[in-house]
2 protein chains.
Amino acid sequence: MTRIVRVGGAQMGPVARSDTKERTVERLIALLRAAHGRGCELVVFPELALTTFFPRWYAEPGEMDGYFETEMPGPATRPLFEEARRLGVGFYLGYAELSVQAAGARRFNTSILVDGSGVIVGKYRKIHLPGHSDYENERRHQHLEKRYFEVGDTGFRVWDAFGGRVGMAICNDRRWVETYRVMGLQDVEIILIGYNTPAADSLSDEPEELRMFHNHLTMQAGAYQNSTWVVGVAKAGIEDGHRLIGGSAIIAPTGEIVAQASTDADELIVADCDLDRCHYYRANIFNFARHRRPEFYQRIVSQAGADR
Amino acid sequence: MTRIVRVGGAQMGPVARSDTKERTVERLIALLRAAHGRGCELVVFPELALTTFFPRWYAEPGEMDGYFETEMPGPATRPLFEEARRLGVGFYLGYAELSVQAAGARRFNTSILVDGSGVIVGKYRKIHLPGHSDYENERRHQHLEKRYFEVGDTGFRVWDAFGGRVGMAICNDRRWVETYRVMGLQDVEIILIGYNTPAADSLSDEPEELRMFHNHLTMQAGAYQNSTWVVGVAKAGIEDGHRLIGGSAIIAPTGEIVAQASTDADELIVADCDLDRCHYYRANIFNFARHRRPEFYQRIVSQAGADR
């Protein structure tokens with residue numbers, strides 16, 4: 001079995017509030033076909049790929065339910081699954097999940113991993129929700145992920161798929177070292193990450209260039225320090241008047257970017273990810289069993305915030 | 001009290017096996033005086049600054065005792081402490097420590113933090129020892145830190161000094177996310193790191209450029225992800241026939257390098273480190289108390305190596 005997985009990063013341009021899901025799924029299908037044409041067996045779509053990034057607006061959570069999926073696949077997304085199965089191409093898809101349970105409705109920022117036969121083989125619910133839960137007047141724009149989503153309950157898992165060890169994370173998770181490490185400790189070989197990152201900070205004048213640097217810095221460090229491939233895929237461009245950074249990238253276990261988007265539009269980037277390249281660092285400089293010293297790491301789990 | 005600390009990174013060129021400690025301390029004093037001349041109140045010297053990087057040679061541990069310090073200050077290092085006190089400049093110094101205890105001799109790869117009155121206010125013993133403990137024939141050069149040193153017993157502490165929260169780490173510690181995070185969870189504002197990094201890997205053809213990239217990548221990510229300054233200082237150049245990378249750097253809490261060495265020789269880099277710049281990220285995107293989810297991080301402490 002080959003250990004080279006040809007991966008497509010399917011960056012998306014903006015999705016307007018007025019776009020129908022059917023129209024957006026057509027774009028995903030076009031990207032999926034382009035990836036198939038370039039020989040990809042796995043395509044990564046962004047976070048919340050089916051809709052505009054609605055957490056920038058304040059409402060009662062129930063009023064946003066039109067942005068959520070209650071089944072997957074559902075009527076709008078079924079054509080994507082069918083085309084994936086027809087082409088034999090798997091995918092990662094981010095979407096807003098509404099799970100109606102006995103205790104009531106639960107809402108998550110979710111990603112799924114679908115194999116080349118169109119079967120969902122993994123689900124992840126975002127753990128590091130950024131932003132805030134109430135309207136904050138001092139912000140230039142709102143970022144209400146903590147309002148519309150619960151903290152995910154899946155933990156950071158790694159699946160045997162595509163001939164390797166596949167992990168998932170979503171957007172802000174990529175800034176947190178624990179995300180990569182918990183998967184690294186499960187021998188992850190490729191981590192798939194969709195994101196929507198505003199080009200402007202809501203409280204400071206941080207330049208967009210610095211925000212792009214942070215986007216790549218965290219994913220490159222996460223890749224190198226855990227000897228894993230990382231595929232980060234953006235929704236980009238000016239979406240309903242709010243600019244999102246692009247910069248989708250495929251990153252080798254050396255931390256080097258091997259493919260990077262150069263537009264803010266629908267754009268496919270492709271790389272041959274040799275999963276065996278994870279082995280060298282993992283056996284040597286980052287041989288966890290030989291070098292890690294968990295007896296000195298206790299604060300990482302015993303406290304959330306800083307404590308002197 | 002000002003929260004701006006002017007810090008000097010005192011990179012050193014090689015220290016030959018034949019150099020006396022007295023001669024090497026003269027070089028440290030020259031760098032200390034240069035830093036004082038540029039208004040620094042804190043100077044960071046490299047790891048194992050008093051000697052050549054002796055773990056590249058294989059011997060019985062006791063045969064290397066000449067490279068170790070049994071007291072600090074000792075006869076050779078006392079002039080450095082006296083000059084620091086006279087100038088009112090504090091420093092970080094890395095050295096090999098031989099601690100003779102009732103149970104026998106213990107050897108550590110150690111750093112100390114000395115305040116502007118020449119008093120040792122902090123000591124750290126290196127936790128992440130790279131390399132191996134026995135001669136390994138397949139390597140182009142040896143890296144016997146695990147032979148000559150015990151794993152440090154101090155943990156990662158943070159000291160109130162120089163008007164802020166000061167942490168220490170040594171060389172290979174900087175590649176490990178836990179190093180920075182454990183100090184970040186103690187509100188660290190500046191982390192001082194000395195290093196000696198061979199320009200060639202002992203088992204692969206990894207290019208020196210990639211090794212320099214990793215050097216900066218890990219320190220920049222550690223700074224940004226923990227909202228802290230990082231000062232990394234190398235011993236550099238061709239030392240007893242073995243090339244060490246330089247690239248000493250002072251890194252802001254944004255992850256940006258604000259000062260960087262451009263030679264492989266004794267060279268001072270200087271930056272004004274405004275410790276209040278740690279606050280913005282720490283209060284927002286990296287507000288640990290608000291965003292971290294330790295309930296999902298358990299593997300980081302419950303296992304050293306990977307486990308599926």
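The values are calculated or read from the model by the stated rules, or taken from the named source; none is laboratory data. Since we're looking at a predicted model, the values are computed, not measured. Because the Cβ atoms are built from the backbone with ideal geometry, glycine has one as well, and the counts that use them run over all protein chains shown. Surface accessibility is based on the protein's heavy atoms, side chains included, excluding ligands, DNA and RNA. Shrake-Rupley method; radii C 1.70, N 1.55, O 1.52, S 1.80 Å.
In table form, for the structure just shown:
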item	result
Anisotropy class of segment A:43-86 from Cα gyration tensor, a/c 1.5 cut	oblate
Prolate/oblate/rounded label for the protein assembly as shown (Cα gyration tensor, a/c 1.5)	prolate
Shielded by partner chains, segment B:119-133 residues - at least 30 Å² of accessible area, 1.4 Å probe, vs chain alone	B:127, B:128
Pairwise FRET efficiency - residue B:157 versus residue B:208, Cβ, R0 = 41 Å, nearest 0.05	0.80
In nm, spacing of pseudo-spin labels at residue A:119 and residue B:26 (7 Å Cα→C-beta vector)	7.6 nm
Selection from A:241, A:177, A:260, by position along the positive dipole direction of chain A (Cβ)	A:177
Cα-Cα over 20 Å, subset of B:21/B:235; A:126/A:235; A:21/A:126	A:21/A:126
Area of residue B:4 that stays accessible when all protein chains are in place (1.4 Å probe, Å², to 10)	80 Å²
About the Cα centre, charge dipole magnitude for segment A:207-308 (Lys/Arg +1, Asp/Glu -1 at Cβ), debye	780 debye
Residue-averaged beta-carbon neighbours from other chains (10 angstrom radius) around B:89-102	0
List A:69, A:26, ordered by accessible area with a 1.4 Å probe, largest first	A:26, A:69
Burial of 20 Å² or greater, segment B:170-187 residues [accessible area, probe 1.4 Å, versus chain by itself]	B:175, B:176, B:177, B:178, B:181, B:182, B:185, B:186, B:187
For A:210-223, mean number of other protein chain Cβ atoms within 10 Å	4
Lys, Arg +1 and Asp, Glu -1 on Cβ, resulting dipole of chain A about Cα centre, debye, nearest 20	780 debye
Environment charge at residue B:151 (Cβ cut-off 14 Å; Lys +1, Arg +1, Asp -1, Glu -1)	+2
Heavy atoms of residue A:227: accessible area, 1.4 Å probe, square angstrom to 10	0 Å²
Antiparallel DSSP beta bridges within the protein assembly as shown, as percent of all bridges there, nearest 5	65 percent
Charge dipole (debye, nearest 20) of the protein assembly as shown; +1 at Cβ of Lys and Arg, -1 at Cβ of Asp and Glu	680 debye
Nearest-10 value in Å² for the accessible area of residue B:245, using the 1.4 Å probe	0 Å²
DSSP-defined antiparallel bridges as percent of all bridges, segment A:4-292, nearest 5	65 percent
Pseudo-label separations to other copies for residue A:150 - Cα-to-Cβ vector, 7 Å, nm	4.9
Cα Rg, Dmax (largest Cα-Cα span) when computed across segment B:197-308, Å	17.5, 51
Charge-dipole axis of the protein assembly as shown as Lys and Arg at +1 and Asp and Glu at -1 on Cβ define it, positive-most pick from A:129, A:151, B:137	A:151
Residue A:276-residue A:85 pseudo-label distance in nm [points 7 Å out on the Cα-to-Cβ vector]	3.4 nm
Part-to-part distance (alpha-carbon centres) for segment A:213-259 and segment A:165-212, which is given in Å	7 Å
Reciprocal mean inverse distance between Cα atoms of segment A:2-82 - Kirkwood radius, Å	14.1 Å
Cα gyration tensor category, rounded, prolate or oblate, for segment B:4-292 with a/c compared to 1.5	rounded
Euclidean distance between Cα centres, segment A:35-104 to segment B:78-113, Å	58 Å
In range of the label at residue A:290: residues from segment B:125-168 whose backbone nitrogen is under 14 Å from the point 7 Å along Cα→Cβ	B:129-147
Largest-first principal axis extents, alpha carbons of segment A:66-202, Å	49, 36, 34
Inter-chain Cβ neighbour average for residues A:278-286, partner chain, 10 Å	3
Sulfur and carbon atoms: percent of accessible area, segment B:4-292 [1.4 Å]	48 percent
Shortest-first distances to equivalent copies, position residue A:298, nm, label 7 Å out along Cβ	1.8
Accessible area (Å², per residue) of segment B:4-292, counting only protein heavy atoms and a probe of 1.4 Å	32 Å²
Listed residues A:162, A:8, A:212: farthest to the positive end of the dipole of segment A:4-292 (Cβ charges)	A:162
